[in-house]
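Only one structure is covered here, and it is reproduced in the block below.
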Amino acid sequence: AAIREGRGLGSMGQLLPLQICFLLLFLAPLTAAATSDAEKTPQYWNEGARRRLAAALALQPTAQRAKNVILFVGDGMGLPTVSAARIYKGQLAGSSGEESVLAMETFPHVALAKTYTIDRQVPDSAGTGTAYLCGVKANAKTLGLSGAAVYGKCRTALGNEVDSILHRARLAGKSVGIVTTTRVQHASPAAAYAHSASRSWYSDANMPRETLQDGCKDIAHQLVYNTDINVILGGGRTYMSPRWTPDPEYPEDPAQNGTRRDGRDLVAEWLSTREGARYVWDKKGLDAVDDTSVSHLMGLFEPKDMRYELNRNATTDPSIVEMTEKAIRILRRNPNGFFLFVEDECRVLGWDVGPGSQGVMVPFPVLGLAPKKAKDKRAYTSILYGNGPGYSLRDGGRPAASLPAVEDKDYRQQAAVPLDLETHSGEDVVVLAQGPMAHLFHGVQEQHYVAHAIAYAACLKPYDARPRCGAPRRASGSTQHSPRSPIVLLALCMSAFMLVG
């Protein structure tokens, strides 16, 4: 899953969730499908190779400073998932799919990132988020801390904090933002601002009493007080409100109430300390925000994680695209530039991904049945999971997969090992890059290298004194605005993608 999680995919590797709904919204135009006769001739392949050689020979590194940075992370997007996305996109357009091209696959610079944490071969989102955002390898389940911190031990966090590139961008005078379809206190976005010995300390209600006595703060508290974040969009309302406070969207459901034991209203505290700040909790409120005057925006659209794209209520819940667009419109007004972290966690590759898709079924669809039956004489899907809730035995054997059940958006691909949730995998993940300093992404790298390459490209500490960086800037109390200017984006993709410009 992006730089942070190398989850695998069925028969193409150890499986992970095919979470690429966001990616499908950023697809490059489909190239014309070659006829079967043309593909049988050497000329067809030779001409294609010559075009690629010409493009490669013309490629020159862009060495100027990157003013704006947008880091996209697709949860679950290991290389097998990217391959499935490419095929699926083409099949939605009515072709066989393999010849299709994703937008991020047009980026000229590519690297592989190794995803392990210090203490685990197979990582989790907290350890990986700390690596690619803070620039150090760390222990699993810890956030914004070096490897000297021990999971679950509050006191080991003290003195072992490491700062993220988001935090450093704010200190450099840039505007900064977080957009996610998970809760904003979840491991990946939290690595951008929190220092916590446990990724699960969402609010004080999730923390052991002795941990609070030792002086550690919950992640929601740190969201408000650690870094002056201009835009915060995602889920996570329940961790910001006092215990038993009714949720604005589900007032009749006590399970959605606030959970804080300290009685604090963190949203109110956030608003009171920031001039020009707005808070919204539904799509209507987000649409009404005037991005020409608001300097700080917090939008929390669900008590916990937001709904998957396939299940989203388009009337009440904004999409990842709508949230990202709103964030950019606010952040881009800062003449010093901005840093934006965007994470999407979708559910599956679904046949109903958008109004323009045709959902055409073709021979051997990537979400359909494999062309042959297994050794047990039963059908199986082209995509399978190594472990997860899809494990099932009936009458002493594996149930056969069948149409149309496997095409349903709620269908669970079969798994070999029974678990409540599938796990990450330990595979490398791809980083695709385009724009200023994108050539720094090459070869096989450690995951923490990503943060260093971004910091170097954007002249953030500790690389702010390098040539072409100019005088360092200090963050002011409020965002400095200027007339809207064009945004030049450099994209760095980790099985999702980053844009830096």
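The values are calculated or read from the model by the stated rules, or taken from the named source; none is laboratory data. Quick caveat, the model's predicted, so the values are computed rather than measured. Methodologically, a virtual Cβ is constructed for each residue, glycine included, from the backbone with ideal geometry; neighbour enumeration extends over all protein chains shown. These accessible areas exclude ligands, DNA and RNA; they are computed on the full protein's heavy atoms, side chains included. Shrake-Rupley method; radii C 1.70, N 1.55, O 1.52, S 1.80 Å.
Some notes on this structure:
- DSSP-loop GluC sites (Glu not before Pro) across the range 59-121, with at most 13 other Cβ within 10 angstrom: GLU98
- Computed extension gain for ALA148 through ASP262, at 0.36 nm per residue and net of the alpha carbon distance, reaches 38.1 nm.
- Proximal aspartates and glutamates relative to LYS284, as straight alpha-carbon distance under 18 Å, when same-chain residues fewer than 8 apart are discounted: ASP247, GLU249, GLU302, GLU309, ASP317, GLU322, GLU325
- For the range 180-239: relative contact order, % (alpha-carbon pairs under 8 angstrom, 6 or more apart): 50
- Value of relative contact order over the range 370-423, rounded to a whole percent, pairs C-alpha under 8 Å and six or more apart: 45
- With all protein chains kept in place, the per residue accessible area of the range 127-277 amounts to 34 square angstrom at a probe of 1.4 angstrom.
- The range 370-423, accessible area per residue, ligands and nucleic acids excluded (1.4 Å, Å²): 65
- Theoretical FRET efficiency, 1/(1+(r/R0)^6), r = Cβ-Cβ of SER272 and TRP244, R0 25 Å, to 0.05: 0.65
- Percent carbon-and-sulfur accessible area, the range 370-423, ignoring ligands, DNA and RNA, probe 1.4 Å: 54
- Computed about the Cα centre, the dipole magnitude for the range 183-266 is approximately 180 debye when only Lys and Arg (+1) and Asp and Glu (-1) carry charge, each at its Cβ.
- Neighbourhood charge, 14 Å Cβ-Cβ cut-off, centred on CYS154 and excluding it, Lys, Arg +1 and Asp, Glu -1: +1
- Entries in LYS114/LYS372; LYS89/LYS114; LYS141/LYS304; LYS89/LYS141 that, when Cα-Cα distance is taken, lie over 30 Å: LYS114/LYS372; LYS89/LYS141
- Per-peptide average of other Cβ atoms within 10 Å, ordering 388-397, 255-264 highest first: 255-264, 388-397
- Normalised convex hull volume, the range 370-423, alpha-carbon set, Å³ per residue: 89
- Relative packing of peptides 458-466, 38-46, 200-208 - highest average C-beta neighbours within 10 Å first: 200-208, 458-466, 38-46
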